[in-house]
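See below for the structure under consideration.
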Amino acid sequence: MAKMHFIMIGGFLGAGKTTTIARLARTFQEQGLNVGIVTNDQASDLVDTHNLRSQGFEVGEVAGACFCCNFNELTETASRLEGAHQPDVILAEPVGSCTDLIATVVRPLRHFHQDQFSVAPYGVILKPSHGLRILRNEAKAGFSPQAAYIFKKQLEEADFVILNRIDELSVDVADELSSLIKGEFPEIPVLRTSALTGQGFEALVKFLQQEGKFGLRSMEVDYDVYAEGEAELGWLNSSLVVSSAQEFSLDELLQGILGRLRDSLVQHQAETAHLKAIGMAEGTHAVANLISSETEVELSLPSECQTKSAEVVVNARVAIDPQRLEEVVATAIAAACDFYNAVPQFRKTQSFRPGRPVPTHRFAEVVD
């Protein structure tokens, strides 16, 4: 049996991993290849999983820990996709606050599962909104030095860096970001892409289809600093049903929820890493995102749906106490629903700080 081509795309929270993976999946499908996707989070009820499945992709989910700390679940999920759908390509999206993935995922895959997978070069997406401030070493980069440490370590271990959202960036800003990356990591290639428009994707696919020696860069990681950086963020996943006697706009509801959340979090001086929401109704779905405290809410997938009832999932990753985050989210949802004379019925809410990373395997050096 032919090996599955394992492609993992990393990057910080809000970098654009899911949009990139969805476009890659469609590109490979257009080449006649079967594609499976594995999403990952510290908890269940992922907007990304709902989003990708709603687009018709075969998706497995590894929840409860990052790939590195739940390596066996990653390989078992890929095997289940293999048994059910025979994918030629597995696209994997790790948790956006994780690093050290070459040592804890790529090398173990090559060592223990070399007959099952051929592993692609590991690409990390640079998030421009926080990346510019962190790489400039600005005093107010949005996050603590510990979280910025994770951001830089993600870039350091990459086989190549993907500078995403170039459709939104001026040439001067894109050039500055490329220069900053090259200044710190001169040996790492930088590709410029737009997951939204597809610009640069031909070069990205070509890079991912390379065979050869990748994942060779050894990297020291201070797991105490790493753990502190992850613990800075409050995580929340919440699912609910919104209903009303009158029709409301699904797109506007999601934008209203995230807009109110943004304003409230700014008042709390809590930096947003990523807010995302999906609404599902009438056989369609809408997705809204907010990737920093200084950007606007983006309706990344409009539905143009008018409905009286919708299932909604909200994921929030914010530098704030998880209990306070839960209160802020509940208040924002209630206010947005009240605007449409709608009633939210919460099904499940999880809020917490990520625990200390404890990898299943860690190969600090290249292994055969």
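Please treat every number below as a calculation from the coordinates, not as lab data. Quick caveat: nothing in here was measured; it's all calculated off a predicted structure. Positions of Cβ are generated from backbone atoms using ideal geometry, with glycine treated the same way; all protein chains shown enter the neighbour counts.
A few remarks follow.
- Positive dipole terminus of the stretch 1-139, leading residue within Gly16, Leu135, Cys69 (C-beta point charges): Leu135
- Descending by average beta-carbon neighbour count within 10 Å, the peptides 114-124, 66-76 line up as 66-76, 114-124, the highest first.
- Distance from the C-alpha centroid of the stretch 251-309 to that of the stretch 147-171: 24 Å, rounded to the whole angstrom.
- Relative packing of 92-99, 200-207, which averages over residues the other C-beta atoms within 10 Å, highest first: 92-99, 200-207
- Intensity falloff of the stretch 318-368 expressed as log10 I(q)/I(0), Debye formula with alpha-carbon point scatterers, at q = 0.23, 0.31 Å⁻¹: -0.94, -1.18
- Using just its DSSP H runs of length 4 or more, each adding -39500 (n - 2.57), the chain gives a mean residue ellipticity at 222 nm of -11000 deg cm²/dmol after division by all residues.
- Pairwise Cα distances in the stretch 234-352 exceed 24 Å for 18 percent of all pairs.
- Per-residue packing, averaged as other Cβ atoms within 10 Å, sorts the ranges 334-341, 33-40, 305-312, 58-65 into the order 33-40, 58-65, 305-312, 334-341, beginning with the highest.
- A Cβ-based charge dipole, computed about the Cα centre of the chain with Lys and Arg at +1 and Asp and Glu at -1, lands at about 220 debye.
- Net charge contributed by nearby residues that have their C-beta within less than 14 Å of Ser243 (K/R +1, D/E -1): -2
- Theoretical FRET efficiency, 1/(1+(r/R0)^6), r = Cβ-Cβ of Val358 and Ser264, R0 35 Å, to 0.05: 0.55
- With θ taken as phi - 60° and the Karplus curve 6.51 cos²θ - 1.76 cosθ + 1.60 applied, the whole-hertz 3J(HN,Hα) list for the stretch 355-365 is x, 5, x, 10, x, 5, 9, 8, 9, 5, 10 Hz, x standing for glycine and proline.
- Between Glu30 and Ser243, the simple label model (points 7 Å from Cα in the Cβ direction) yields a spacing of 4.2 nm.
- Given (i) 30, 60, 10, 0; (ii) 31, 55, 13, 1; (iii) 26, 59, 14, 0, the label whose value is P(r) over Cα pairs in 20 Å bins from 0, in percent derived from this model: (i)
- Net charge dipole size for the stretch 234-352 [Lys, Arg +1 and Asp, Glu -1 on Cβ; Debye, nearest 20]: 360
- In this structure, the pairs whose alpha-carbon distance is over 20 Å, taken from Lys17/Lys140; Lys17/Lys308; Lys3/Lys213, are Lys17/Lys140; Lys17/Lys308.
- Translational diffusion coefficient of the stretch 181-254 (Stokes-Einstein, Kirkwood radius from Cα pairs, 25 °C, 0.890 mPa s): 134 µm²/s.
- Efficiency of FRET between Gln86 and Glu311 - r from beta-carbon atoms, R0 35 angstrom, step 0.05: 0.70
- Residue (of Gln114, Leu52, Asn237) at the positive-pole extreme of the chain, dipole from beta-carbon charges: Gln114
- Span-like helix check, the chain: qualifying full DSSP H segments, with Cα axial length of 24 Å or more and mean Kyte-Doolittle of 0.5 or more, are 322-339.
- Across the options Leu169, Leu216, Leu191, the greatest Cα extent toward the positive end of the charge dipole of the stretch 125-231 (unit charges at beta carbon of Lys, Arg, Asp, Glu) belongs to Leu169.
- Neighbours of Ala310, meaning other residues whose beta-carbon lies under 12 angstrom from its beta-carbon, give a summed charge of -4 when Lys and Arg score +1 and Asp and Glu score -1.
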